[in-house]
Structure formats: C-alpha cells, structure tokens
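Peer 1: Starting off with a structure, shown below.
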Amino acid sequence: MQSPALAVVSLDRSGGGVAVVADLLWRVFQDHFGDRARLLSLLEGTATTPTLPDKLRFGARLAQAQLVSGVDWILFSHLALAKAHDRVPRRLRCGYGVFLHGIEAWNELSPRELRLLREANLRLSNSEYTARRVMDAHPEIGVVHPCPLALPPRIPATVGRSPVSLGPHAVLVVGRMASGERYKGHDQLIDCWPAVVASVPDAQLVFVGGGDDRERLEGRAAAGQVPSRIVFTGFVAESALDRLFEECAIFALPSRGEGFGLVYLEAMAHGRPCVGSVHDAAGDVIEDGVTGRLVDQADIQGLSTTLAALLVDEPLRRRMGEAGRARLRARFSFDRFRARVLHLLGATVPSPAMSVSA
C-alpha cells in the first residue's frame, strides 16, 4: 500500500523547537493518514547529536521506504534531512516537501541545498516572516508557503515546583544560550537591567536554559551593577517551567533571529504578556500594544523603559495576557495548524497518498 512519510531529526522535546514542529507534523500525519503514515527518524530516544552510524541508518531507512515499503511522498521536517534524498537514485526517488524554520534557510545556502529546495514540490515555513525572508534571499527556489505553528496538544499534568522563588515583578527568559546564537537578546536584557531595577527595585530577570554561552552570560551578570537581581536556573523540567510561566509577570525574548518563536505561545497560554523584537518573526505572533510589545533590540534604553512600564502596570499586563490567550485560541490552535498543513499537502501530494485512512 502506498503511503506518505515524515522524516524527522527527533520527536523528543529535548531537541528544541525543531523537534516540537516534527511532533506537530507527525500528529497531523497520524490523524489524517492513520496506519499508512510512516515515520523516519534520524535519532532515537533522547539522543541530540547524530553519529555517522545514525546518518547511515537514516539513509538506509529512507531508501528502503521508497524502494520496498511503498512510500510515495516524503515531508522532510528540516532541510538538513533532505540531503539524504540525494543518495537515492534519481529515477527511484519519490516526490518530497521540506519544512523550513528560519536561519538554516534564509542564510547562504550551498548549490546542493538550493537544488533540493528548487526540486521540492512543496516548501513550508513556520511563519510569514520566514517565508518572505527565504524567498527574498533565494528567489530561484520558488514559492514558500507559510504554515504558522501551534502548541502540541498536552495531557494536563501537575505543575511542578519552581526552581527559584519569583517575586511579583519577575521577567522570564527561556531560550538556549549558545555561542553561535547570540542574537536572542540575553546580552541586551543584562545590559538594560540596572535601569529596570532603578524604576522597579524588586524586579527579577530569570534566565532558563543552558548552553555553551551560559558561563559567559553569568559572568557578565555577576560583573554588573545588580547581580542579585539576575538569576540563571539552567535547564528545568516542563512541569517546573509551567510553574515559572504561572509566577512570572512578563515573558521576554527580544531576539533578532526567531523564525517563529514557539515559546511566545507558551507564555500566551499562561496569560503572560510577551516582549519580542521588531527584527524577526515575533511580529507574526505578538500583536504590538495588544498582547505585548515589540522593541528594537539595539535600543537598550527603550528596552528598559518598556519592561519597567509593564512591570508597574498590573492591569495592563492582565489585559495583554488575556488578549494573548484569545489570540492563541483564534490563530495558533492545533486544529488551525492541522487544517493549514492538510490544505497545502492536498495541492501537492499524489492523490493515493493523500486519501484518508479507512
């Protein structure tokens, strides 16, 4: 029986936003195609870095899926995975699509990557911003269709204990601290914090996440004027993160490179106003002045003024938080995501594969 396949790096949430998107897509495939859907995963379990044997096994599974198992179309949930398609003889390859996330697609691409995108019969992206930026950078690849994300459906769980005590004026920041990703706004938040504390003396800046840049950031915070008002928690479990979202006053990630920003949706689900930047896809998620604020990352004074103004205005924070919840339900529900994906697949996937499972 012919069937569609989804190729993913991993479905484990430790894989970050890319893994969450893979999980969303797999839920859509399972819901629509049932037992005919096939999952091809590069990594198994909680592994985060592929080894050469992992890559070889993935390539073998990819070839077998097309040559033996009747897979007639594949959606690659990341551009890097599509490179393995090249190793299948061209006359034996099935059609395919690629899901694009941001930097990996709008930065400079190799001739091979450009060809893979150009030859795909469907290119999806996580936001209108990403779609525009990729097409502006690489107009030769063709149309990129925006497919804004959602939060995966979750079974309600007991909220865990917070790893740190939060006061009433805590600003939460959640994101990887990687030396290769210094665009997320961690440095700018540290730089603006003395001015925030001058206006709101009990203000806390709480960084959640790990990475090879954490030590440098902790050093900058410790050497600053208000080291006691900046906290680094490291990695926290999902249940504890829920508690932090519940207890914080504001969520902030004034980044320059978000292709979407799933973490904004997490904050909105908890009724918290979001502060993002004018430089990336935050504007696709945050409605400036309604569900939060969009700032110029380079304007440290403007950033501090925005945060302080929100911290001292609880009624405004409450209104923005409720507006964020409403926007999440209206525009970023799983049902909306599922409908968008299936609409776009319907125009490109071979009809035998697109038929609904009996």
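Coordinate-derived values only; no laboratory data. It should be emphasised that the depicted structure is a prediction, and the values quoted were computed from it without experimental measurement. FYI the Cβ positions are ideal-geometry reconstructions off the backbone, even for glycines, and counts take in every protein chain you see.
Peer 1: Before anything else, pin down the relative contact order of the stretch 170-331: Cα pairs under 8 Å, at least 6 apart, normalised by residue count, whole percent.
Peer 2: With pairs under 8 Å counted, the relative contact order is 24 percent.
Peer 1: So, R0 is 25 Å and r is the distance between the beta-carbons of E44 and F235; what FRET efficiency does that work out to, to 0.05?
Peer 2: 0.75
Peer 1: Would you please put 54-61, 275-282, 204-211 in order of how densely packed they are, using the mean number of other Cβ atoms within 10 angstrom per residue and starting with the highest?
Peer 2: 275-282, 204-211, 54-61
Peer 1: Hand me the GluC sites (Glu not before Pro) from the stretch 28-124 located in a DSSP loop with no more than 15 other Cβ atoms within 10 Å, in residue order please.
Peer 2: Details: sites: E44, E104, E108, E113, E119; in loops: E44, E108.
Those that pass, being in a loop and sparsely packed, are E44, E108.
Peer 1: Using 0.36 nm per residue, how much length does the chain from A178 to V312 gain when fully extended, once their Cα-Cα distance is taken away?
Peer 2: Contour length minus Cα-Cα distance gives 45.1 nm.
Peer 1: Using the beta-carbon distance between R161 and R91 and R0 = 56 Å, what value does 1/(1 + (r/R0)^6) give for FRET efficiency, to the nearest 0.05?
Peer 2: On the way: r = 58 Å, r/R0 = 1.04.
Rounded to the nearest 0.05, the efficiency is 0.45.
Peer 1: Stretch N107-A137 to full length: gain in nm at 0.36 nm per residue minus the Cα-Cα span?
Peer 2: Taking N107 through A137 to full extension adds about 10.1 nm, to one decimal.
Peer 1: On to the next question. Going by amide H atoms built from the backbone, whose H comes under 5 Å of the H on Q204, apart from near neighbours?
Peer 2: H169, A170, V171
Peer 1: Out of G142, V226, N126, whose Cα points farthest toward the positive end of the dipole of the chain (charges: +1 Lys, Arg; -1 Asp, Glu; placed on Cβ)?
Peer 2: Selected residue: G142.
Peer 1: So, counting K/R as plus one and D/E as minus one, what does the shell of residues with Cβ under 12 Å around A249 add up to?
Peer 2: That sum, taken over residues with Cβ under 12 Å, equals -2.
Peer 1: I need to check one value: relative contact order of the chain, counting alpha carbon pairs closer than 8 Å and at least 6 residues apart, in percent.
Peer 2: In percent, rounded to a whole number, it is 16.
Peer 1: Can you tally the net charge around H270? Count Lys and Arg as +1, Asp and Glu as -1, for every other residue whose Cβ sits under 13 Å from the Cβ of H270.
Peer 2: 0
Peer 1: Once a ≥ b ≥ c are taken as the square roots of the eigenvalues of the Cα gyration tensor of the chain, is the result rounded (a/c under 1.5), prolate (a/b larger than b/c) or oblate (a/b not larger than b/c)?
Peer 2: Prolate is the answer for the chain, as a/c is 1.5 or above and a/b outweighs b/c.
Peer 1: Relative to the Cα centre, what is the charge dipole magnitude of the chain, using +1 at the beta carbon of each Lys and Arg, -1 at the beta carbon of each Asp and Glu, and rounding to the nearest 20 debye?
Peer 2: Working: 41 positive and 39 negative charges, 216 e Å.
Using only the charged Cβ atoms, the result is roughly 1040 debye.
Peer 1: Next question, about the same structure. Over the stretch 255-295, what is the relative contact order in whole percent, taking alpha-carbon pairs under 8 Å and six or more residues apart?
Peer 2: 42 percent
Peer 1: Report the extension gain between R319 and N121 in nm, rounded to one decimal, defined as 0.36 nm multiplied by the number of residues separating them, less their alpha carbon distance. All intermediate terms of the calculation are to be shown ahead of the outcome.
Peer 2: Working: separation 198, 0.36 × 198 = 71.28 nm, distance 4.31 nm.
Residue separation times 0.36 nm, minus the Cα-Cα distance, leaves 67.0 nm.
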